[in-house]
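The values are calculated or read from the model by the stated rules, or taken from the named source; none is laboratory data. Here the structure is a predicted model, which is why all the values come from computation and not from measurement. Neighbour counts run over all protein chains shown; Cβ positions are idealised from the backbone, glycine included.
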Amino acid sequence: MPRAGGAAIGCLVALIFLVIPAPRGPFAASRDVPDLAGARTAALDMPRLHSLLVSWRGEVILEQYGKGITPTRLANVKSVSKSVISALVGIAIDEGLIPGVETRLSTYFPVLLEDRDERKRQITVGHLLSMQSGLESTSSGNYGPWVRSRNWVSYVLARSMVSDPGTSMEYSTGSTHLLSAILTRVTKRSTYAFAQEKIGRPLGLTLARWPRDPQGIYFGGNDMLMTPRQMLAFGELYLRGGVAGGRQVVPRAWVETSCAPRGRSRYNPDQQYGYGWWLRTFGGVEGCFAWGFGGQYILVFRDLDLVIVTTSSPEVSEERRGHRRLVFDLVERLVVPQVAAARGTVHATR
């Protein structure tokens, strides 16, 4: 489960949403545009929600921000970062910097060859991507001690094995941080620099720098900073099979394999996991989504040509679990069916 620190928030004040008109496009004035008034109304009753963006067929048809939240304000997207790291690994593999998902972790961290538990020698890049390394998790209750340690990479590598590699899902931010360390090594530059060159620049974005570990490795799996529009652009990239501006930014095959199920959440059995992306059915439609603690989401529905982005308060509180259910309910009842119906109408009239 995505994890983050922070003090518990106190009393929450109601959010008053600023509604930004959608850009005019081929469907902007058409009766076939999905009616999302219900989604807008529901959002008003969600005090933790900071933004809600809906893009259909490449047009933003709903964009709302809470009081005091501007479109250019950076959001801590928490574990949405894992989906970005996955994209960078796919690019590195395509460029031959990493041989493939079967490459063993010991290739980059020879210390594993000396470990008494020989199962560590079987861990691959693919196991890290799918959260099936078998290493004890550094998320949830183990997160604090890990990020307070002097060497995050060494701390993860020293964890005990709780299962054989590739046999079960154990969600762990440490796994994606190891991927950031690998990217730093094979690209001979920081993960930030690689991300800006390979994803930011092709999308026309300037990515913000995010935190680094004590050794200077950019956090691989948490605390990236993005605006909702940047999140939407990244979601559109995956919706279009890795293509942006006529250029193949992320390999199409990598987009497909990232959204192929490889593990299942032990806490939410209806949710599966691919390579840094979650999978779930919403209203009968398959969605592939990036999920960050507190309610940071990029939801991609390729069958509907739809991307939904939400940002929320990242603070720890008792309301956060209920908020997540409200976000999913909004998507499942008030966006997906409306878009599916409009899509059917458009196809029927053409």
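Checked against (1) buried (at least 24 other Cβ atoms within 10 Å of the Cβ); (2) in contact with a Leu (Cβ under 8 Å, 6 or more places away or on another chain), residue 233 passes all but a single condition, namely (1).
Taking the conditions (1) farther than 30 Å from residue 299 by Cβ; (2) crowded, with 22+ Cβ neighbours inside 10 Å in turn, residue 99 satisfies each one other than (2). Counting only residues that are of a type in the set (Ser, Thr, Tyr), in contact with a Leu (Cβ under 9 Å, 6 or more places away or on another chain) and under 24 Å from residue 221 (Cα atoms), the range 61-83 holds 0 of them.
Return yes or no: is residue 78 part of a loop (DSSP other than H, G, I, E, B) and modelled with pLDDT of 95 or more? Spelling it out, residue 78 is indeed part of a loop (DSSP other than H, G, I, E, B) and modelled with pLDDT of 95 or more. The selection criterion, being closer than 21 Å to residue 211 by Cα and either hydroxyl-bearing (Ser, Thr, Tyr) or in contact (Cβ under 8 Å) with a residue 12 or more places away in the chain (or both), does not hold for residue 125. Of the residues making up the range 195-234, those that are under 19 Å from residue 275 (Cα atoms) and part of a helix (DSSP H, G or I) are 195, 198, 199, 231, 234. Scanning the range 305-319 for residues that are surrounded by fewer than 24 Cβ atoms within 10 Å (Cβ to Cβ) and either closer than 24 Å to residue 71 by Cβ or among the polar types (S, T, N, Q) (or both) yields 305, 313, 314, 315, 317.
Of the residues making up the range 83-94, not a single one is crowded, with 23+ Cβ neighbours inside 10 Å, over 25 Å from residue 296 (Cβ atoms), touching a residue at least 24 places away in the same chain (Cβ under 8 Å) and not assigned by TED's automatic domain parsing to the domain that holds residue 235. Within the range 171-191, the set of residues being crowded, with 19+ Cβ neighbours inside 10 Å, free of Cβ contacts under 8 Å to residues at least 60 places away in the same chain and either part of a loop (DSSP other than H, G, I, E, B) or in contact with a Lys or Arg (Cβ under 8 Å, 6 or more places away or on another chain) (or both) comprises 172, 174. Given the condition among the β-branched types (Val, Ile, Thr), surrounded by fewer than 16 Cβ atoms within 10 Å (Cβ to Cβ) and under 22 Å from residue 273 (Cβ atoms), answer yes or no: does some residue in the range 147-157 qualify? Checking the range 147-157: not a single residue is among the β-branched types (Val, Ile, Thr), surrounded by fewer than 16 Cβ atoms within 10 Å (Cβ to Cβ) and under 22 Å from residue 273 (Cβ atoms).
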